[in-house]
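The values are calculated or read from the model by the stated rules, or taken from the named source; none is laboratory data. Remember, predicted model here, so these are calculated numbers, not experimental data. Glycine also receives a Cβ, built like all others from the backbone with ideal geometry; neighbour counts cover every protein chain displayed.
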Amino acid sequence: MAQAEKPSNRRRRYLERALLGASAMTLAACAANGPAPGQLATPEKAAVHDCLPAGPCSAPLPVKAVLVTMFEIGADEGDAPGEFQLWKERRPFDTRFAFPHAHHDLFYDETSQTLAVVTGIGTAKSAAATMALGLDQRFDLTKAYWLVAGIAGIDPEDASIGSAVWSAHLVDGDLAHEIDAREKPDDWPTGYFARRTKFPYDPAKPASTGEAFVINEGLAEWAFTLTKDTVLPDLPGLAETRNLYTDHEMARRPPFVLKGGHLAAMTFWHGSLLNEWANRWVDYWTDGAAGFVTSAMEDTGTYQSILYLDAAGRVDKDRFMVLRTGSNYTVQPPGKTAAENLLGENEGYAGMQASLESLYLVGSVVLDEITGNWDVYETEVPGAPAE
């Protein structure tokens with residue numbers, strides 16, 4: 001009888017995490033600075049902290065931009081950085097909101113009204129976290145711009161590690177048929193081919209049902225134009241790795257900003273043969289409109305959730321951007337096997353630090369432009385298709 005009278009475990013966990021998050025943030029601010037302005041100072045922030053995660057909220061928090069990162073290595077500050085840490089350390093993401101229905105709690109920068117989410121690695125987690133956030137009634141996301149800011153493998157034929165790539169074409173590398181290469185017909189270049197087709201790269205492919213997405217190309221072009229002259233860090237050690245790629249001129253360039261197609265696949269693939277497949281697969285699904293440049297895992301899942309949320313009136317799909325920076329090459333250099341190079345990169349990506357710095361530098365230009373000129377971008381989306 002006594003047990004039945006207790007609140008549910010789930011509700012108790014929600015309350016505990018929400019209260020602990022708010023209390024810890026407030027106490028930390030008070031210990032450092034006294035009663036810091038901005039720590040739950042506004043009625044809107046206080047109201048959101050009184051709401052249960054994912055529950056109804058009388059005063060949804062206004063959000064101008066959502067920063068989407070995928071992973072953090074350890075703590076959010078003070079150790080080896082993942083995709084979120086530089087943002088957390090360099091910007092006032094001071095307000096923490098419990099987010100128990102996804103991978104990682106949320107952080108809010110009241111100054112710019114930017115909300116940061118860490119989705120977790122992989123398509124499943126990114127899609128789930130994006131959907132959870134989009135349906136969370138604590139936040140008003142109807143006019144928010146979304147910036148995916150993550151690291152990626154990068155094709156040495158197109159760019160160098162540390163380079164930053166804006167993508168309007170997102171291609172899924174998982175949704176397909178596959179026959180083991182040892183059993184495929186001799187005249188097939190690969191055992192991997194599109195569903196509802198008869199052979200690899202069949203020109204009679206049907207329309208995409210999740211294999212390829214085209215996001216707001218005008219917005220991607222605007223973001224590229226805004227950032228293309230950004231000077232990216234050429235950190236110690238990058239040149240040593242770059243110079244191994246004697247067969248790839250672009251791989252030997254210092255980091256730069258460019259545009260290119262993005263391939264999202266849950267398998268961390270590597271090597272010349274799979275790189276050839278990636279190039280053909282992206283070319284195939286974009287009808288030649290984009291070439292393969294970056295490889296990661298999450299973005300088709302993230303954008304699929306954005307499309308559903310747009311249809312539900314919760315977000316605007318035309319305000320979605322993808323920025324990926326090269327942390328490692330997708331191909332081994334001359335003199336190494338694919339296995340040797342992959343295992344070496346698993347000890348620490350050659351371009352990890354540079355890619356994180358480039359993410360922050362390039363992404364900051366776009367976020368600051370949008371949030372700092374909200375009187376323009378609230379209603380005018382750069383490159384949005386005419387209605």
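Key figures
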item	result
Asp109 vs. criteria acidic (Asp, Glu), crowded, with 21+ Cβ neighbours inside 10 Å and out of contact with any helix residue (DSSP H, G or I) (no Cβ under 6 Å at 6 or more places or on another chain)	yes
Whichever residue in the stretch 329-387 is among the charged types (D, E, K, R) and either free of Cβ contacts under 8 Å to residues at least 40 places away in the same chain or in a loop (DSSP other than H, G, I, E, B) (or both) and, among such residues, is nearest to Tyr245 (Cα to Cα)	Lys336
Number of the exception - Pro236 against (1) touching a residue at least 60 places away in the same chain (Cβ under 8 Å); (2) under 20 Å from Tyr360 (Cα atoms)	(1)
Number of the exception - Ala22 against (1) in a helix (DSSP H, G or I); (2) under 29 Å from Thr379 (Cβ atoms); (3) in contact with a helix residue (DSSP H, G or I) (Cβ under 9 Å, 6 or more places away or on another chain); (4) modelled with pLDDT under 95	(2)
Residues located in the stretch 231-288, provided they are touching a Pro at 6+ places or on another chain (Cβ under 7 Å) and hydroxyl-bearing (Ser, Thr, Tyr)	Tyr245, Thr246
Sole residue being of a type outside the set (Val, Ile, Thr), in contact (Cβ under 8 Å) with a residue 12 or more places away in the chain, outside the structural domain of Glu369 (by TED's automatic domain parsing) and over 23 Å from Ala338 (Cβ atoms), chosen from Lys205, Lys198	Lys205
Glu276 being at pLDDT 95 or above, surrounded by 15 or more Cβ atoms within 10 Å (Cβ to Cβ) and under 30 Å from Tyr201 (Cα atoms)	no
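To keep it simple, each residue is scored yes or no on (1) part of a loop (DSSP other than H, G, I, E, B); (2) out of contact with any strand residue (DSSP E or B) (no Cβ under 6 Å at 6 or more places or on another chain); (3) in the same structural domain as Gly120 (by TED's automatic domain parsing).
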position	(1), (2), (3)
Pro233	yes, yes, no
Leu244	yes, yes, no
Asp247	yes, yes, no
Met266	yes, yes, no
Ala278	no, no, no
Trp281	no, yes, no
Ala289	yes, yes, no
